[in-house]
Amino acid sequence: MADHDKTASTTMRRQRAVAPVAAVASLILLASGCGGPQVNYALPKDLCGIPIHQDLIRPFFPPGDRIEFDGDSFLEGKKAEASCQYYVDGNTALAIDATRSSEQDTALQLAMRVAKPAHLKVWKRADGHIAGYAGTVYGTSSCSGDPSDSDGQPARTFTLRVSANHVGNTQSARSGLEKVMSALLPRAAHARGC
């Protein structure tokens, strides 16, 4: 009988020793983000119908349970303007607009129109086809003659704008947005008839 009491006593001591270790491990997991909000939805395999690698867009989709799409597929129709939005749990995560225009605006000019009055820092890529600020990036490419834009004039420029509402560090957001735009711009321009 004494051996049973000794075994029970040893088991109790082990359980008491394990409890604080388990509590500390739980706190470490929570502090490291492992127990925090999760992305409980599948990321889109395309943006507005244009295929894209999910690793490029992952940083711009916040934790949540449900994703919704609203808007145009850029692969359907050839109208001058198209847009789509992605919502996570009802909040806009990503908004994308495409326009064919008779104007010959550069990505930098488009970004400056919005950023300068708001005193936001503008950045541009060396080739001049991509520029942005904060969580928004513009991309431009040439678009010749046909199809015409919404004013009925021959199209000269195709513009793509991507706005992300879930951005952390501005520098990493810039790098990520540049990559997204580099992947989307040629495909979107082609899909929209440019």
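The figures follow:
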quantity: Low-density loop positions, GluC sites (Glu not before Pro), segment 75-177 - DSSP coil, at most 11 other Cβ in 10 Å; calculated: Glu76
quantity: Cα-projected label distance for Ser73 with Asn40, points at 7 Å along beta-carbon direction, nm; calculated: 2.9
quantity: Segment 80-122: C-alpha gyration tensor shape, a/c 1.5 cut-off, then a/b vs b/c; calculated: oblate
quantity: FRET efficiency, 1/(1 + (r/R0)^6) with R0 30 Å, evaluated for Gln54 and Gln85 via beta carbons; calculated: 0.95
quantity: Area accessible to solvent at Arg113, 1.4 Å probe radius, in Å²; calculated: 140
quantity: Cα pair distances of segment 81-153 binned at 10 Å [whole percent]; calculated: 18, 40, 34, 8, 0
quantity: With all protein chains modelled, accessible area of Phe69 [1.4 Å, Å²]; calculated: 100
quantity: Given charges at beta-carbon only (K, R positive; D, E negative), |dipole| of segment 49-194 in Debye; calculated: 520
quantity: Surface accessible to a 1.4 Å probe, Lys179 within the full protein complex, Å²; calculated: 110
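The values are calculated or read from the model by the stated rules, or taken from the named source; none is laboratory data. Being a predicted model, the structure only gives us computed values, none of them experimental. Glycine gets a Cβ as well: all are built from the backbone with ideal geometry, and neighbour counts include every protein chain shown. What goes into the accessible areas is simple: the full protein's heavy atoms, side chains included, and nothing from ligands, DNA or RNA. Shrake-Rupley method; radii C 1.70, N 1.55, O 1.52, S 1.80 Å.
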